[in-house]
Amino acid sequence: MTDVLEVKHVRVRFRVKSNFQALVQGIEDPFIDAVRDASFAIVEGETFTLVGESGSGKSTLALAVAGLLPAEEGSIRFGGAEVTTMDHTALQAYRKQISFMWQNPVGSLSPRLSVGSLITEPYKIHKLSERDLKA
Ligand SMILES: Nc1ncnc2c1ncn2[C@@H]1O[C@H](COP(=O)(O)OP(=O)(O)O)[C@@H](O)[C@H]1O
Ligand SMILES: [Mg+2]
(Lines give C-alpha, C1' and ligand atoms only; values in the text may rest on other atoms or scores of the structure.)
(Ligands and ions follow the chains in the order given, each with its own letter.)
Protein backbone atom coordinates (compact mmCIF):
# COMPACT_ATOMS: atom_id res chain seq x y z
CA MET A 1 0.00 0.00 0.00
CA THR A 2 1.32 3.44 -0.87
CA ASP A 3 1.19 6.44 1.43
CA VAL A 4 -1.26 9.02 0.12
CA LEU A 5 -0.26 11.62 2.68
CA GLU A 6 2.99 11.69 4.56
CA VAL A 7 3.58 14.29 7.29
CA LYS A 8 7.02 14.39 8.87
CA HIS A 9 8.24 16.53 11.77
CA VAL A 10 5.91 19.41 10.94
CA ARG A 11 6.04 22.58 12.99
CA VAL A 12 3.61 25.48 12.63
CA ARG A 13 4.06 28.70 14.57
CA PHE A 14 1.93 31.77 15.15
CA ARG A 15 3.27 35.17 15.96
CA VAL A 16 1.68 36.39 19.20
CA LYS A 17 3.71 39.60 19.74
CA SER A 18 5.06 42.16 17.32
CA ASN A 19 8.82 42.66 17.22
CA PHE A 20 8.30 45.98 19.02
CA GLN A 21 6.19 44.43 21.82
CA ALA A 22 8.71 41.62 22.17
CA LEU A 23 11.55 44.13 22.51
CA VAL A 24 9.70 46.33 25.03
CA GLN A 25 8.46 43.40 27.11
CA GLY A 26 11.76 41.53 26.93
CA ILE A 27 10.19 38.50 25.23
CA GLU A 28 12.77 36.40 23.41
CA ASP A 29 10.38 34.35 21.28
CA PRO A 30 7.31 36.25 20.01
CA PHE A 31 5.83 33.05 18.49
CA ILE A 32 3.92 30.06 19.87
CA ASP A 33 4.23 26.56 18.48
CA ALA A 34 0.69 25.45 17.56
CA VAL A 35 2.06 22.23 16.04
CA ARG A 36 5.40 20.77 17.04
CA ASP A 37 7.07 17.72 15.49
CA ALA A 38 3.90 16.18 14.04
CA SER A 39 4.43 13.03 11.98
CA PHE A 40 1.96 10.54 10.51
CA ALA A 41 1.18 8.78 7.24
CA ILE A 42 -2.16 7.92 5.66
CA VAL A 43 -2.22 4.85 3.45
CA GLU A 44 -4.50 4.54 0.41
CA GLY A 45 -7.98 3.32 1.42
CA GLU A 46 -7.38 4.03 5.10
CA THR A 47 -9.54 6.23 7.32
CA PHE A 48 -7.33 8.24 9.65
CA THR A 49 -8.44 10.03 12.80
CA LEU A 50 -6.40 12.60 14.69
CA VAL A 51 -7.64 13.07 18.25
CA GLY A 52 -6.56 15.72 20.75
CA GLU A 53 -7.90 18.18 23.27
CA SER A 54 -9.13 21.60 22.20
CA GLY A 55 -6.20 23.83 21.29
CA SER A 56 -3.79 20.95 20.69
CA GLY A 57 -3.24 21.97 17.06
CA LYS A 58 -5.50 19.68 15.00
CA SER A 59 -7.04 22.43 12.87
CA THR A 60 -3.70 24.19 12.45
CA LEU A 61 -2.13 20.95 11.22
CA ALA A 62 -5.04 20.41 8.80
CA LEU A 63 -4.60 23.95 7.43
CA ALA A 64 -0.88 23.30 6.92
CA VAL A 65 -1.67 20.02 5.14
CA ALA A 66 -3.99 21.95 2.81
CA GLY A 67 -1.23 24.48 2.18
CA LEU A 68 -3.30 27.25 3.77
CA LEU A 69 -0.76 27.88 6.54
CA PRO A 70 3.01 27.65 6.10
CA ALA A 71 4.91 24.91 7.91
CA GLU A 72 7.95 26.37 9.62
CA GLU A 73 9.71 23.02 9.59
CA GLY A 74 9.14 19.53 8.26
CA SER A 75 7.69 17.90 5.20
CA ILE A 76 4.16 17.30 3.91
CA ARG A 77 3.98 15.00 0.91
CA PHE A 78 0.79 14.18 -1.00
CA GLY A 79 1.09 11.49 -3.66
CA GLY A 80 4.85 11.95 -3.39
CA ALA A 81 4.75 15.70 -4.10
CA GLU A 82 6.08 18.12 -1.47
CA VAL A 83 3.27 20.49 -0.47
CA THR A 84 5.32 22.93 1.64
CA THR A 85 7.27 24.20 -1.38
CA MET A 86 4.44 24.24 -3.96
CA ASP A 87 3.86 27.44 -5.92
CA HIS A 88 0.41 28.97 -6.41
CA THR A 89 -0.39 26.94 -9.55
CA ALA A 90 0.67 23.64 -7.98
CA LEU A 91 -1.34 24.43 -4.84
CA GLN A 92 -4.45 25.09 -6.91
CA ALA A 93 -4.14 21.69 -8.60
CA TYR A 94 -3.44 20.06 -5.22
CA ARG A 95 -6.56 21.58 -3.65
CA LYS A 96 -8.71 19.86 -6.29
CA GLN A 97 -7.66 16.58 -4.69
CA ILE A 98 -8.27 17.38 -1.04
CA SER A 99 -11.07 19.12 0.83
CA PHE A 100 -12.35 20.04 4.27
CA MET A 101 -15.61 19.07 5.92
CA TRP A 102 -15.91 21.67 8.69
CA GLN A 103 -17.50 20.57 11.94
CA ASN A 104 -19.68 23.66 12.39
CA PRO A 105 -22.50 23.34 9.82
CA VAL A 106 -24.20 26.57 10.89
CA GLY A 107 -21.08 28.60 10.24
CA SER A 108 -19.94 26.62 7.20
CA LEU A 109 -23.13 26.05 5.23
CA SER A 110 -25.53 28.80 4.22
CA PRO A 111 -29.19 27.96 4.91
CA ARG A 112 -30.07 30.13 1.91
CA LEU A 113 -28.45 27.74 -0.58
CA SER A 114 -29.51 24.25 -1.63
CA VAL A 115 -27.47 21.23 -0.51
CA GLY A 116 -26.52 20.65 -4.13
CA SER A 117 -25.10 24.12 -4.68
CA LEU A 118 -23.28 24.05 -1.32
CA ILE A 119 -21.57 20.75 -2.08
CA THR A 120 -20.67 21.59 -5.67
CA GLU A 121 -19.44 25.16 -5.09
CA PRO A 122 -15.77 24.22 -4.50
CA TYR A 123 -15.79 22.05 -7.63
CA LYS A 124 -17.19 24.92 -9.68
CA ILE A 125 -14.39 27.14 -8.37
CA HIS A 126 -11.96 24.46 -9.55
CA LYS A 127 -13.80 24.31 -12.90
CA LEU A 128 -14.79 20.64 -12.88
CA SER A 129 -17.13 19.71 -15.72
CA GLU A 130 -20.91 19.57 -15.17
CA ARG A 131 -20.85 15.78 -15.60
CA ASP A 132 -18.24 15.38 -12.86
CA LEU A 133 -20.28 17.65 -10.58
CA LYS A 134 -23.28 15.30 -10.80
CA ALA A 135 -21.10 12.29 -10.03
N1 LIG B 1 -4.29 32.47 14.01
C2 LIG B 1 -3.79 32.15 15.20
N3 LIG B 1 -2.97 33.00 15.87
C4 LIG B 1 -2.42 32.67 17.06
N5 LIG B 1 -2.63 31.50 17.68
C6 LIG B 1 -3.44 30.61 17.08
C7 LIG B 1 -4.07 30.89 15.81
N8 LIG B 1 -4.82 29.81 15.46
C9 LIG B 1 -4.68 28.92 16.45
N10 LIG B 1 -3.85 29.40 17.43
C11 LIG B 1 -3.41 28.69 18.64
O12 LIG B 1 -2.79 27.47 18.22
C13 LIG B 1 -3.12 26.43 19.11
C14 LIG B 1 -3.75 25.28 18.33
O15 LIG B 1 -5.03 25.68 17.89
P16 LIG B 1 -5.96 24.76 16.95
O17 LIG B 1 -5.14 24.24 15.82
O18 LIG B 1 -7.18 25.55 16.61
O19 LIG B 1 -6.31 23.55 17.93
P20 LIG B 1 -7.47 22.42 17.80
O21 LIG B 1 -7.99 22.44 16.39
O22 LIG B 1 -6.77 21.13 18.16
O23 LIG B 1 -8.51 22.80 18.82
C24 LIG B 1 -4.02 27.03 20.19
O25 LIG B 1 -3.20 27.39 21.27
C26 LIG B 1 -4.58 28.26 19.51
O27 LIG B 1 -4.91 29.24 20.44
MG1 LIG C 1 -10.00 22.64 15.69
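The values are calculated or read from the model by the stated rules, or taken from the named source; none is laboratory data. These numbers come from a predicted model, not from an experiment. Cβ: placed from backbone, ideal geometry, glycine included. Neighbour counts: every protein chain shown. The accessibility values were calculated without ligands, DNA or RNA, using every heavy atom of the protein model including side chains. Shrake-Rupley method; radii C 1.70, N 1.55, O 1.52, S 1.80 Å.
List of remarks:
- Surface analysis of the chain yields an accessible area of 74 Å² per residue, using protein heavy atoms and a 1.4 Å probe.
- Helix content alone sets the calculated 222 nm mean residue ellipticity of the chain: runs of n ≥ 4 DSSP H residues at -39500 (n - 2.57) each, divided across all residues, give -7500 deg cm²/dmol.
- Evaluating 6.51 cos²θ - 1.76 cosθ + 1.60 at θ = phi - 60° for every residue in the stretch 5-14, the Karplus couplings come out as 10, 10, 10, 10, 6, 7, 10, 10, 10, 10 Hz, glycine and proline recorded as x.
- Reachable aspartates and glutamates, given that their alpha-carbon falls under 17 Å from the alpha-carbon of K58 and they are not under 8 places away in the same chain: E6, D33, D37, E72, E73
- Taking amide hydrogens as placed 1.01 Å from N in the peptide plane, the amide H of V4 sits under 5 Å from those of I42, V43, E44, each at least 5 positions away in sequence or on another chain.
- Per-residue ³J(HN,Hα) for the stretch 71-78, Karplus 6.51 cos²θ - 1.76 cosθ + 1.60, θ = phi - 60°, Hz, x for Gly and Pro: 8, 5, 9, x, 9, 10, 10, 10
- Restriction of the trypsin sites (Lys or Arg not before Pro) in the stretch 20-117 to DSSP coil positions whose beta-carbon has at most 10 other beta-carbons within 10 angstrom yields R112.
- Accessible area of the chain belonging to carbon and sulfur atoms, whole % at 1.4 Å probe: 55 percent
- Among E73, E82, E28: highest mean-square fluctuation, GNM of the chain, C-alpha pairs under 10 Å: E28
- Sites K8 and L128 - FRET efficiency at Förster radius 41 Å, r taken between beta-carbons, to 0.05: 0.85
- Placing pseudo-labels 7 Å out from each Cα toward the beta carbon at L118 and F31 gives an inter-label distance of 3.7 nm.
- Chymotrypsin sites (Phe, Trp or Tyr not before Pro), loop per DSSP, at most 15 other Cβ atoms within 10 Å - longest free stretch of the chain: 49-99
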